[in-house]
Amino acid sequence: MVEKNIGARLIPPVQGELSNAGKKIINLPLTDENVMSLQAGDFVLLSGTIVTGRDRVHKYLVQQRPRKEDIPFDLKGAVLYHCGPVMKKTEEGYKTVAAGPTTSMRVDMYEPAVIREYGIRGIIGKGGMGAGTLEALKETGSVYFQTVGGAAVYLADCIKRTLNVWKLDEFGPTEAMWLFEIEDFPAIVTMDSHGNNIHSEIEKRSFGIFSELIRK
């Protein structure tokens with residue numbers, strides 16, 4: 001169970017290496033030790049490599065089941081960011097202009113299969129995901145991170161390099177799968193590998209408060 005006062009405090013005390021701001025520092029890719037130590041409510045800064053994926057990539061991965069050797073980077077152990085970035089082509093390559101999170105429930109019907117079949121260990125998005133995805137997180141030892149909505153330019157500044165891209169010509173820049181190098185990317189663990197889900201807890205409490213209000 002998520003602690004009872006998590007809605008009030010949101011970020012409980014965490015164990016491990018902490019910055020001065022009280023954030024847990026995580027270097028990607030995620031390790032088993034990382035994932036098992038992360039608890040719903042942990043505030044983290046992520047550094048390393050992530051891949052992006054929105055509707056078309058998720059649908060393609062599940063329905064077309066491409067061979068892993070046809071994907072130009074290894075998804076096993078990867079962190080998948082629900083994001084359709086705004087990209088600018090420069091002489092040095094592609095630069096990220098904006099990279100805010102997409103609502104994760106848009107791809108919830110595909111996510112359990114993507115996690116299980118491709119070995120994804122972490123998801124970044126906003127709004128949380130459903131019971132099927134939570135079960136896949138528990139089963140595989142994976143975690144969901146909520147990042148900041150409405151801060152697309154700020155989050156783009158946390159993307160230091162574009163390393164590769166897949167399906168750019170076919171899907172376009174927003175729906176393609178990008179491989180990014182990130183540094184100090186802020187997020188909160190809201191669904192952990194132990195079955196805790198802050199989103200559902202807040203929903204239950206909000207409904208309880210609403211029910212009390214309408215009875216008055």
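Antiparallel versus total DSSP beta bridges in the chain: what percent is that, nearest 5? Let's see the in-between values first.
Working: 25 of 39 bridges.
Percentage antiparallel, nearest 5: 65.
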Only helices at least 27 Å long along their own axis, judged from Cα atoms, and with Kyte-Doolittle mean hydropathy of 0.0 or greater: name those in the chain from DSSP H. none
On each of the three principal axes of the Cα atoms of the chain, give max minus min coordinate, whole Å, ordered largest first. 60, 41, 35
Two decimals is fine: what's Rg over Rh for segment 59-120, C-alpha atoms, Kirkwood radius as Rh? 1.02
Contact order relative to length for the chain, counting C-alpha pairs under 8 Å separated by 6 or more residues, stands in percent at 26
Would you look at the GNM of the chain, springs on alpha carbons closer than 10 Å, and say which of GLU135, GLU175, GLU33 moves the most? GLU33
Taking a ≥ b ≥ c as the square roots of the Cα gyration tensor eigenvalues, with a/c under 1.5 meaning rounded and otherwise prolate when a/b beats b/c or oblate if not, segment 61-160 comes out oblate
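Based only on Cα atoms, what mean projected area does the convex hull of segment 112-177 have, in nm²?
Value for segment 112-177: 5.6 nm².
Quick note: the coordinates plus some simple rules give every number you see, no bench work behind them. The model shown is predicted, which means the values in this text are computed figures rather than measured ones.
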